[in-house]
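Colleague: Okay, here's the structure, questions in a sec.
The values are calculated or read from the model by the stated rules, or taken from the named source; none is laboratory data. Worth saying up front: this structure is predicted, and the values here are computed from it rather than measured. Reconstructed Cβ throughout: ideal geometry from the backbone, glycine too, with neighbour counts over all protein chains shown.
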Amino acid sequence: MVPLQCRFLNKPGVFRILAGTSQVNRGCCREAGGSVSETVRVRFAPSPTGFLHLGGLRTALYNCLFARQQKGSFILRLEDTDQSRLVPGAAEAIEDMLDWAGVSPDESPRRGGPVGPYQQSHRLELYQKAADALLESGHAYLCFCTPQRLELLKREALRRRQTPRYDNRCRHLTTQQVQEKLDMGSPHVTRFRLEECVEPFQDLVCGWTKHDVAVVEGDPVIIKGDGFPTYHLANVVDDHTMGISHVLRGAEWLVSTSKHHLLYKAFGWKPPQYGHLPLLLNKDGSKLSKRQGDIFLEHFARSGYLPEALLDIITHSGSGFPENQMGRTLKELVQQFDVSRIMSHSALLDLEKLPEFNRIHLSRRISDACLRMELVSLLRAEVEKAYTGNITDREVLETDYIERVLLLRKGHITRLTDLLSTSYSYLWVRPSVPRKQLEAISVEVDKITGLVLGLLQAGSPDRTTDELNTELKVLQGQVKQTKYSETMKLLRMALSGQQTGPSVAEMLISLGPYESCKRIQRALSS
């Protein structure tokens, strides 16, 4: 089997330049019975110019699903060659959020791997050697056009209502002219010679397609004046040296793929298979924008949404699955994913449905004994933080108590943080209700509370809310001077200190017989 570093151009000069790079040597990543070129290897390659949002998460997820399904590898590569737009902390945050979402890469800047580094700013030598190879083979040339000249070209094109493009002027410089400019120390970039008559390629999503880039574009820059590569060169070199077999990326890159195929042809490399994912749009059809603060994963994490709910809704909104259904786990997504089912039309994301998705996945977590214990620990910490200094009875922080609350509210709450709202404050803070306040509601305070205390002490601890509601209505028959609504108001006040909120039966079940009796007795004696 031919090692990865030996699959470069057959031209001796080009191979001589590239064969010695450390990245290429490390890229020879074989598995038993085959090479990396025969194994499914996909990548998610975001630019750390911002934090991970829902559109990026969907691209990462689809790559991860494809890799898991095909027993391949999912790689995270950070494309940080545009140094002027980098956001401090974004690179680390992207990998943090992928881990939080359960879409963890097999190889990454943090985890390492056999074909690193996984950050383009650490691979500059490789790109320069690749550009030198193209210069030697005649597929690239040095361009000395000044920014001022390029700006004039742009203005003139706009004046004529044409698409701005470079006029390929420096393509025609002789070897002597180039050397003279280099001797003068003239600033320059490296440009790639575009060819006409581009061959069509079959996209996994869009089918057969091609774009005659040489007709509408000037020769693109591949190495900038600062020595950093542009996207076009870097992603082609990286995908090849990292053994990427399939590229699933956003539809906005579809028009660039013919250009990338020309680069692969110039190097003599076999390109990966491409699949361009449709855009993920807002419900109204507008584009997801990084200026929308509520599309970033950090926002959803802080707001109490579960990662599996986000994975569920972005796949429900798109395509690639036999049918749309709510409540799919990551394991189910892997099993059901079918790249041939991805549609080319844009997908609408209805975030108004996210609470319902989250309710379903939160209920599933509560039903799982192990996951429920994680929720108990998380809720305990949130309660202590939210009610600092107000919790006088530490019994409300015990595992059995919090677990009972979660099981009783399963299916009723959309987020764990709902249990920290004012409506549920009675669960965590024992109210201080003076007896006179209860007497103002009914003169039968002692009789009503006595009947309820007897009911709690004698009844089954496993009774349901409906069963307790029925028992309370039967109990009301022994109360002569107070209406049922006033009786419930009195009990709600004694239990929570609030005039509105959940039903009394729900409060009694949530608090449990012991805590309920304790609160009623405290109100009577105050």
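Colleague: So, in the range 235-272, how many residues would count as being of a type outside the set (Val, Ile, Thr) and over 16 Å from Ile75 (Cα atoms)? So that I can check it myself, show each step before the final result.
Modeller: Of all residues in the range 235-272, those of a type outside the set (Val, Ile, Thr) come to 235, 238-240, 242-243, 245-246, 248-254, 256, 258-272.
Subset that is over 16 Å from Ile75 (Cα atoms): 250-254, 256, 258-271.
Selection size over the range 235-272: 20.
Colleague: Within the range 237-255, which residues are closer than 24 Å to Gln128 by Cα, under 25 Å from the mean Cα position of the chain (by Cα) and part of a helix (DSSP H, G or I)?
Modeller: Taking the range 237-255 as the starting set, the residues that turn out to be closer than 24 Å to Gln128 by Cα are 237-245, 247, 253.
Those still in the list that are under 25 Å from the mean Cα position of the chain (by Cα) too: 238-239, 242-245, 247, 253.
Passing the criteria: Asp238, Asp239, Trp253.
Colleague: If a residue has to be over 18 Å from the mean Cα position of the chain (by Cα), touching a residue at least 40 places away in the same chain (Cβ under 8 Å) and either in a loop (DSSP other than H, G, I, E, B) or under 16 Å from Ala60 (Cα atoms) (or both) to count, how many in the range 313-352 make the cut?
Modeller: Adding up the residues that qualify gives 6.
Colleague: Gln120 passes all but one of (1) out of contact with any helix residue (DSSP H, G or I) (no Cβ under 8 Å at 6 or more places or on another chain); (2) at pLDDT 95 or above; which number fails?
Modeller: (1)
Colleague: At pLDDT below 95 and under 20 Å from Gln120 (Cα atoms), is that true of Gly227?
Modeller: Values: at pLDDT below 95: yes; under 20 Å from Gln120 (Cα atoms): yes.
Judged against the criteria, Gly227 is a match.
Colleague: Then there is this: If I ask for residues that are aromatic (Phe, Trp, Tyr) and in a loop (DSSP other than H, G, I, E, B), which ones from the range 221-236 would you list?
Modeller: Step one: of the range 221-236, the residues aromatic (Phe, Trp, Tyr) are 228, 231.
The one that is aromatic (Phe, Trp, Tyr) and in a loop (DSSP other than H, G, I, E, B): Phe228.
Colleague: Within the bounds of the range 266-285, is there any residue that is assigned to a helix (DSSP H, G or I) and either modelled with pLDDT of 95 or more or of a type in the set (A, V, I, L, M) (or both)?
Modeller: In the first step, residues of the range 266-285 are kept if they are assigned to a helix (DSSP H, G or I); the result is 266-267.
This time we only want the ones that are either modelled with pLDDT of 95 or more or of a type in the set (A, V, I, L, M) (or both), so: 266-267.
Yes - at least one qualifying residue is present in the range 266-285.
Colleague: State the number of residues belonging to the range 433-450 that are under 54 Å from the mean Cα position of the chain (by Cα) and among the aliphatic types (A, V, I, L, M).
Modeller: Our first condition is that a residue be under 54 Å from the mean Cα position of the chain (by Cα); within the range 433-450, this holds for 433-435, 437-438, 441, 448-449.
Now narrow it down to the ones that are among the aliphatic types (A, V, I, L, M): 433, 438, 441, 448.
Total meeting the criteria: 4.
Colleague: On to the next question. Let me spell it out: the conditions are (1) within 17 Å of the chain's Cα centre (by Cα); (2) buried (at least 16 other Cβ atoms within 10 Å of the Cβ); (3) not charged (D, E, K, R), and Gly89 meets all of them except one. Which number is the exception?
Modeller: It fails just one condition, (2).
Colleague: Can I ask one more? Scan the range 78-100 residue by residue and report those that are part of a helix (DSSP H, G or I) and either in contact (Cβ under 8 Å) with a residue 40 or more places away in the chain or in contact with a strand residue (DSSP E or B) (Cβ under 9 Å, 6 or more places away or on another chain) (or both). Break it down into steps so the answer makes sense when it comes.
Modeller: Just the residues of the range 78-100 that are part of a helix (DSSP H, G or I), to begin with: 83-85, 90-100.
Gln83, Ala90, Ala91, Ala93, Ile94, Glu95, Met97, Leu98, Trp100, listed by residue number.
Colleague: Could you pull out every one of the helices (runs of 4 or more DSSP H) wholly within the range 101-220 that has 3 or more residues that are of a type in the set (A, V, I, L, M, F, W, C), outside the structural domain of Gln83 (by TED's automatic domain parsing) and surrounded by 18 or more Cβ atoms within 10 Å (Cβ to Cβ)? Step through it out loud before you land on a result.
Modeller: On the way: elements: 124-137, 147-159, 175-183, 213-216.
In the range 101-220, 124-137 are the helices (runs of 4 or more DSSP H) which contain 3 or more residues that are of a type in the set (A, V, I, L, M, F, W, C), outside the structural domain of Gln83 (by TED's automatic domain parsing) and surrounded by 18 or more Cβ atoms within 10 Å (Cβ to Cβ).
Colleague: Tell me, yes or no, whether the range 178-201 has at least one residue that is closer than 30 Å to Val42 by Cα and under 33 Å from the mean Cα position of the chain (by Cα).
Modeller: Taking the range 178-201 as the starting set, the residues that turn out to be closer than 30 Å to Val42 by Cα are 190-201.
Those left that are additionally under 33 Å from the mean Cα position of the chain (by Cα): 200-201.
Yes, because at least one residue in the range 178-201 is closer than 30 Å to Val42 by Cα and under 33 Å from the mean Cα position of the chain (by Cα).
Colleague: Hey, any hits in the range 205-227 for a residue that's within 23 Å of Arg41 (Cβ to Cβ) and over 27 Å from the mean Cα position of the chain (by Cα)?
Modeller: Within the range 205-227, none of the residues are within 23 Å of Arg41 (Cβ to Cβ) and over 27 Å from the mean Cα position of the chain (by Cα).
Colleague: OK, next. Test Asp462 against the stated conditions and say whether it is in the same structural domain as Thr392 (by TED's automatic domain parsing) and under 46 Å from the mean Cα position of the chain (by Cα).
Modeller: Numbers: in the same structural domain as Thr392 (by TED's automatic domain parsing): no; under 46 Å from the mean Cα position of the chain (by Cα): yes.
Criteria not met by Asp462.
Colleague: Could I ask something else about it? Scanning for something basic (Lys, Arg) and farther than 18 Å from Val236 by Cβ, does the range 167-180 turn up at least one residue? Reasoning before the result, please.
Modeller: Keep residues of the range 167-180 that are basic (Lys, Arg), which gives 169, 171.
From what is left, the residues that are farther than 18 Å from Val236 by Cβ are 169, 171.
The answer is yes; a qualifying residue exists.
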